[in-house]
Amino acid sequence: MTSWFEAQSEKGDPTGFVVGIARGGKLAYLQATGFEDQDKKTPMRQDSIFRIGSMSKQITSVATMMLVDDGKLDLDAPVAQYLPELRDMQVVKKEPVTGDPILSDVAQNIFEPAKRAMTIRDLLRNTSGLVYASPDYADPGFENAAIHVLYGARAPFRRDKPIADFVASLGALPLLHQPGEVWEYAIGYDVLGRVIEVVSGQPFDQFLQSRLFAPLHMADSGFSVPQDKLARLVAVPGPQPQPPFANGDVGKPQTFFSGGGGIVSTVPDFLRFCQMLLNGGELGGVRILKPETVRLMTTNSLPPDMHLAGHEVGPAFGTGWGLGFAVRTNPDFSLIPGAVGSFNWQGSWGTFFSVDPVQKLILVMMMQRSEHSENGFYFNAIRRLPYTALKVPEAPVASGRGNAEDLAEYVGRYDFGGSTSSLDRQAFVADGNGWTGLESVVAEAGGLRVIKLVDAGPAAKAGVMAGDLIAAVGDSSIRGLTLEAAFRRISGPVNAAIKLKIFRQDQGNPIVVTFTRQAVPSHSVQLRIRVADGKLVVEATGGWSILDFDRGQPTPVVVRSKDEFQVESGDHTRIAFVRDATGKVDGAVLNPGPWEQRGVLAQ
């Protein structure tokens, strides 16, 4: 893991990393690589201070639920009970057939009354009907539509104004969705910061310091960095942070305390925060939350029929949303390796965390980047590399000798799908998640609008272009479908064909494009097996190492029993080969049993 992050730091992008891992309540790994300031060549430190962006939301969620535990805040009370300025909010009308919002005449007040008031629970689970502003929040998951532009114009993040002024400005704006009907990533956590102020009688920053940061010994967390700690603040290369990603210049005292994206912290501090959650709300004898409150927060709160507007939540991602956290819900597919019930989130400036309650595993990675779209490359590493290294229970070691002639039938490349975690069941040919190379799309009335493609991905090679409108998948129209419903049509097994009917702006007739879904290159776990010096040799060649098998390090295995081999050193990883009905080898299983990971022979 260290060598992987060092290799990225040597490329100079981003400035550097701090990675922390805790397992079973103990610190397992804490490593700083690269530079805190690339220009000044200041080395990264374990306690370097980062803008954590949207990982502020989880801190705000915990602060909110502390007041619920105190009996001072009602989770299902209308927000207007605490913030009267948000009473009687209006909602943008929707097209009766498609359900799409009528946005072209937002300035003409094409609104209707809310069916019910948005609640504190709605703010926590992103179902309030509020949205983020655009173009301030330039993410394909948030349409650059009239309502988002309106939010940016009339309710801007102003670091020279208090959060009360910001919330008051929202009262004159419409909601995009009826409260409780649509999940959309939104500014609700900034509203919660003001709720906390009103209920507690303290400024939000003081509440966090006295009730959360100080008790948990999160010594370097807050909305700004004191003068005596500025030397540890990580520099951001390129364009500097702007709201809502951060509160501007965090080297100065803040006026606007953004609960959605304005907090700074360190990896050691955030490890303590996560450990408190993993412990059921307690750390070092200090109780922050009730155990049942933590369970509620980290359990999916979204019903199956909830409409989802973009981002990394929903059936297409194997992930639900609790009260402030993304939660893994699907045992067969998820973007986050590990057990069902694992919870996580990330920050736009390059921070990520995940908590796996089954493995008792906490992962935290922090970096600082100005190009948010590339964060996934690094998030994939911290999601997968630690699971690659987890040791499984050993079986008794047995050894034997084979001969080259018998071993030849095992030679080939084996694909194990997209996860390095033995808790996943992402069989390579049955995971329903073949890769098309459509990096970002948005749902429109006529289908899916392509925003960005992966260079040299399957769709791009087949001729799909940014701006194309996908109207049908196969022979079935996707007009009027929600984003997640359309995703289900596009997904499918690796190596399965997919046909798209596309409308292009400069062409009158539709274009039909056919190509084959592929394994995600950066996600795929692959082993190459060959014979060398009379032994079977195994090497990881895909995106990630796995167990005893590393990239660039061929590892010999010895015969254990019929069709089963074992590494003699390390963690003694076992590999058993699977045969089809004709007796031909067509797959492999790592560590057969409850911890097994299955792969298929690809060539």
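Nothing in this text is a laboratory measurement; each read-out follows from the coordinates by a stated rule. The structure displayed is predicted, hence computed values, not measured ones. Heads up, the Cβs are rebuilt from the backbone with ideal geometry, glycines too, and the neighbour counts pull from every protein chain shown.
Tabulated data
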{"quantity": "The chain, helix-only ellipticity at 222 nm - DSSP H runs n ≥ 4, -39,500 (n - 2.57), divided by all residues, nearest 500", "calculated": "-5500 deg cm²/dmol"}
{"quantity": "Asp249, Asp550 arranged by Cβ crowding within 10 Å, fewest neighbours leading", "calculated": "Asp249, Asp550"}
{"quantity": "Test item: Cα-centred dipole of the chain, Lys/Arg +1 and Asp/Glu -1 on Cβ, debye", "calculated": "360 debye"}
{"quantity": "Inter-part distance where the range 256-292 and the range 43-69 are each reduced to a Cα centre, Å", "calculated": "7 Å"}
{"quantity": "Selection from Val195, Ala532, Ile498, by position along the positive dipole direction of the chain (Cβ)", "calculated": "Ala532"}
{"quantity": "Principal-axis tilt of helix 267-278 within the chain, Cα atoms, nearest 10 degrees", "calculated": "90 degrees"}
{"quantity": "Volume per residue of the C-alpha convex hull in the range 1-69, rounded to whole Å³", "calculated": "111 Å³"}
{"quantity": "Geometric extent, Cα atoms of the range 438-516 - Rg, Dmax (angstrom)", "calculated": "11.4, 33"}
{"quantity": "Alpha carbon Rg of the chain, scaled by the compact-globule rule 2.2 N^0.38 Å", "calculated": "1.01"}
{"quantity": "Overall Cα dimensions of the range 315-377, principal axis frame, Å, largest first", "calculated": "33, 26, 22"}
{"quantity": "Qualifying trypsin sites (Lys or Arg not before Pro) for the range 505-563 [loop in DSSP, other Cβ within 10 Å: at most 12]", "calculated": "Lys562"}
{"quantity": "Calculated from backbone phi, Karplus (6.51, -1.76, 1.60) coupling profile of the range 338-346 in Hz, x at Gly/Pro", "calculated": "x, 7, 4, x, 5, 10, 6, 5, 8"}
{"quantity": "Euclidean distance between Cα centres, the range 178-235 to the range 330-358, Å", "calculated": "22 Å"}
{"quantity": "Degrees, to the nearest 10: 56-69 long Cα axis against longest axis of the chain", "calculated": "70 degrees"}
{"quantity": "Cβ-based exposure ranking for Leu271, Leu363, in which fewest neighbours within 10 Å come first", "calculated": "Leu271, Leu363"}
